[in-house]
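Q: I have a structure I would like to understand better, so I am pasting it below and will then ask my questions one at a time.
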Amino acid sequence: MPLLIPRPCRLPSTRRASRLTAAVLATLLTGCSEPEPGPPPPPPSPVIPPITGPAWWSFGRNAQHTANGAIATQPLTRIAWQAPVDLAPQYTGSGGLLIHYGSPVITAKNTVLIPVKTGATGGFLVEARAGQTGAVLWSLPSDYRLPNAGPSWTPSFNPVLTPDGRLVMPASRGRLLVRSDPDAATGTTSTLAFYGTACDAAPATCDNSITINTPLTSDSHGNVFFGFSVSDANPAGLLGGGIARVAANGTGTYVLVSTAAGTAAMIKPMTNSAPALSADESTVYVVVNNLSVPRASGQLLALDSETLATKAKVSLVDPYSGVPAWINDIGTSSPTVGPDGDVYIGVLESAGSPHHFRGWLLHFDGTLSTSKTPASFGWDITASIVPTSMIPGYTGPSSYLLAIKYNDYATSGGSGQNRMAVVDPGQTQADPVLSTVQVMKDVITILGPTPNPDRVGTVEEWCINTVAVDPLTSSVLVNSEDGKLYRWHLPTNSFTEQIALTAGLFEAYTPTAIGPDGRVYAINNATLFSIGR
């Protein structure tokens with residue numbers, strides 16, 4: 001075979017070329033060793049390094065609901081990506097959004113698992129997205145059905161990550177839907193029922209009767225705790241609501257609320273209120289209530305986390321009136337367990353109380369035998385733990401502080417001067433609204449920065465039901481109904497960063513969370529935003 005040597009790209013002389021057609025010229029140039037340059041090649045795709053960092057397992061991050069991050073948050077410089085948490089949001093006539101959205105949970109490898117509402121009145125799935133890019137990795141629908149709640153307020157759908165690497169979410173008839181390896185594109189799924197196989201022969205009956213009505217909480221061994229409500233007779237023989245425990249091996253146990261509370265007056269767990277565990281995981285704390293009209297009363301229970309036997313119980317009482325507080329199913333207040341074992345739970349005031357609908361953050365020791373000083377705000381908030389080191393000037397006696405919202409609702413007789421607050425569980429002051437009540441001392445407070453255009457002299461409300469705390473930057477990440485996310489820097493008591501997410505609207509309170517790469521996550525107007533570099 002002859003050796004083929006590319007011809008140089010030498011054109012004919014001008015006089016000769018003038019006699020050649022374009023087609024002939026193209027033939028002569030075929031095989032030239034110096035072809036005309038084409039467009040430059042596209043740049044290589046960026047290599048995204050793998051992430052391994054602190055996970056965000058559940059509502060309030062952990063089983064104590066402390067909401068403390070373990071990595072420095074990224075600057076609030078841009079929206080990296082966003083995703084809907086509701087495919088059919090139902091707005092009120094005035095444009096509000098009274099839907100409680102579940103908290104995203106985030107694996108140590110930075111897979112963001114988003115609970116998504118898919119229909120107008122129900123329908124749910126969990127969507128897995130890559131934390132760095134927002135790319136969808138997989139999705140898994142659930143046949144979960146919502147419990148009954150107050151008018152116009154949709155309860156939340158909250159999955160949980162277990163430390164043994166499973167995603168667990170609510171399913172219909174009180175079951176759990178479990179997916180293995182949430183970081184993988186594919187994984188095995190299974191369902192678990194705390195009452196066994198009793199509903200297998202009549203699933204439709206149980207679908208209409210048994211409902212998980214709280215977020216899920218996991219301990220460090222993968223045992224999952226939750227509350228359930230029962231509305232009708234069912235093959236499982238459940239009468240009234242209860243608290244369930246599904247062990248990591250799939251074994252289920254439960255106790256009815258009436259048994260645990262020691263009275264038939266208590267009927268079910270408070271809807272939307274996540275169980276909390278003591279630091280040693282020996283005790284699970286659950287809020288239960290009745291269905292009295294117009295305002296339900298309730299108890300805080302301390303149960304043995306292995307057997308669900310009652311260890312202690314306490315009635316939840318308005319510290320101003322001395323009568324039962326309102327344990328409201330349209331809120332999301334969950335117990336917080338402090339580093340010293342003390343327990344905090346938000347309640348609404350009793351009927352006729354002039355406390356501007358602020359509620360109270362009640363405070364007990366871990367045995368529930370001692371009632372301690374409350375805080376002056378408790379409506380729809382789960383307190384977050386603030387290490388005292390985050391406020392260098394603090395000189396009080398407490399080993400930690402609490403971050404809560406401090407709204408003062410103008411529509412309920414308040415000033416409309418809506419604030420955030422860090423309060424001291426170990427010091428007291430007169431309540432700013434009802435001076436005859438001693439409450440936790442304000443360490444610092446900060447006023448919302450945005451005037452409310454609908455009410456002169458007031459500012460927009462803080463829009464959180466659990467707020468992420470970042471001890472590494474001494475800041476708290478707070479979402480506002482003005483549509484912005486703020487970095488509240490505690491040493492200077494100032495907003496050092498902010499980013500606009502939406503135009504803002506009146507909505508049910510939402511959680512903030514921190515990813516293992518330091519991204520910040522916030523929900524505003526039915527959308528989850530990933531914020532960072």
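Q: Across region 306-332, which residue is nearest to the chain's Cα centre (by Cα) among those that are of a type in the set (S, T, N, Q) and buried (at least 22 other Cβ atoms within 10 Å of the Cβ)? Before you say what the answer is, go through the steps one by one.
A: The initial filter retains those residues of region 306-332 that are of a type in the set (S, T, N, Q), namely 307, 310, 315, 321, 328, 332.
With buried (at least 22 other Cβ atoms within 10 Å of the Cβ) added as a condition, the list becomes 328, 332.
Numbers: ASN328: 19, THR332: 10 Å.
This residue is THR332.
Q: Write out, first by first residue and then by second, each pair whose Cβ atoms fall under 9 Å of each other, whose residues are 6+ apart or on separate chains, and whose first residue, in region 355-369, is on the phi > 0 side of the Ramachandran plot while the second is outside any loop (DSSP other than H, G, I, E, B) and basic (Lys, Arg).
A: Going by the 9 Å Cβ cut-off, the qualifying pairs are LEU368/LYS311; LEU368/LYS313.
Q: Would it be correct to say that ALA265 is part of a loop (DSSP other than H, G, I, E, B), surrounded by fewer than 23 Cβ atoms within 10 Å (Cβ to Cβ) and at negative phi?
A: Values: part of a loop (DSSP other than H, G, I, E, B): yes; surrounded by fewer than 23 Cβ atoms within 10 Å (Cβ to Cβ): yes; at negative phi: yes.
Considered against the rule, which asks whether it is part of a loop (DSSP other than H, G, I, E, B), surrounded by fewer than 23 Cβ atoms within 10 Å (Cβ to Cβ) and at negative phi, ALA265 comes out as yes.
Q: When the residues of region 49-96 are narrowed to those that are open to solvent by less than 30 Å² (accessible area, probe 1.4 Å) and at pLDDT below 95, which ends up nearest to ILE404 (Cα to Cα)?
A: GLY96
Q: May I ask you to list pairs of residues, at least six apart or on different chains, whose Cβ atoms are under 7 Å apart, with the first in region 503-524 being free of Cβ contacts under 8 Å to residues at least 40 places away in the same chain and the second being crowded, with 24+ Cβ neighbours inside 10 Å?
A: none
Q: Moving to a separate point now. Of all residues in region 349-372 being among the hydroxyl-bearing types (Ser, Thr, Tyr) and open to solvent by less than 40 Å² (accessible area, probe 1.4 Å), which is modelled with the highest pLDDT? Please lay out each step first, then the result.
A: Let us first name the residues in region 349-372 that are among the hydroxyl-bearing types (Ser, Thr, Tyr), namely 350, 353, 367, 369-371.
Checking the rest, the ones that are also open to solvent by less than 40 Å² (accessible area, probe 1.4 Å) come to 350, 353.
On the way: SER350: 93, SER353: 90.
Restricting to residues being among the hydroxyl-bearing types (Ser, Thr, Tyr) and open to solvent by less than 40 Å² (accessible area, probe 1.4 Å), the top hit is SER350.
Q: Give the residues of region 273-296 that are at pLDDT 95 or above, part of a loop (DSSP other than H, G, I, E, B) and either among the acidic types (Asp, Glu) or open to solvent by less than 40 Å² (accessible area, probe 1.4 Å) (or both), sorted by residue number.
A: Let us first name the residues in region 273-296 that are at pLDDT 95 or above, namely 273-289.
Still in the list and also part of a loop (DSSP other than H, G, I, E, B): 273-275, 278-282.
Within region 273-296, SER273, ALA274, PRO275, SER278, ASP280, GLU281 qualify.
Q: Moving on. Just the residues that are assigned to a loop (DSSP other than H, G, I, E, B) and touching a residue at least 60 places away in the same chain (Cβ under 8 Å), please, taken from region 332-352.
A: Applying the first criterion (assigned to a loop (DSSP other than H, G, I, E, B)) to region 332-352 yields 332-335, 338-342, 349-352.
Matches in region 332-352: THR332, SER333, SER334, PRO335, GLY338, PRO339, ASP340, GLY341, ASP342.
Q: Exactly one condition in (1) out of contact with any helix residue (DSSP H, G or I) (no Cβ under 8 Å at 6 or more places or on another chain); (2) open to solvent by 40 Å² or more (accessible area, probe 1.4 Å); (3) not aliphatic (A, V, I, L, M) is false for PRO235; which is it?
A: Unmet condition: (1).
Q: Please specify each residue of region 373-412 satisfying the condition of being open to solvent by 10 Å² or more (accessible area, probe 1.4 Å) and of a type in the set (D, E, K, R).
A: Passing the criteria: only ASP408.
Listed here are the residues, each with its yes/no results for (1) surrounded by fewer than 24 Cβ atoms within 10 Å (Cβ to Cβ); (2) of a type in the set (Ser, Thr, Tyr); (3) touching a Cys at 6+ places or on another chain (Cβ under 8 Å).
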residue: SER480; (1), (2), (3): no, yes, yes
residue: TYR486; (1), (2), (3): no, yes, no
residue: LEU490; (1), (2), (3): no, no, no
residue: GLN498; (1), (2), (3): yes, no, no
residue: ALA503; (1), (2), (3): yes, no, no
residue: PHE506; (1), (2), (3): yes, no, no
residue: ILE514; (1), (2), (3): no, no, no
residue: ARG519; (1), (2), (3): no, no, no
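The values are calculated or read from the model by the stated rules, or taken from the named source; none is laboratory data. All figures in this text were calculated on a predicted structure; none of them were measured in a lab. Cβ atoms come from the backbone with ideal geometry, glycine included; neighbour counts cover every protein chain shown. Note: accessible area is taken over every heavy atom of the protein model, side chains too, but ligands, DNA and RNA are not part of it. Shrake-Rupley method; radii C 1.70, N 1.55, O 1.52, S 1.80 Å.
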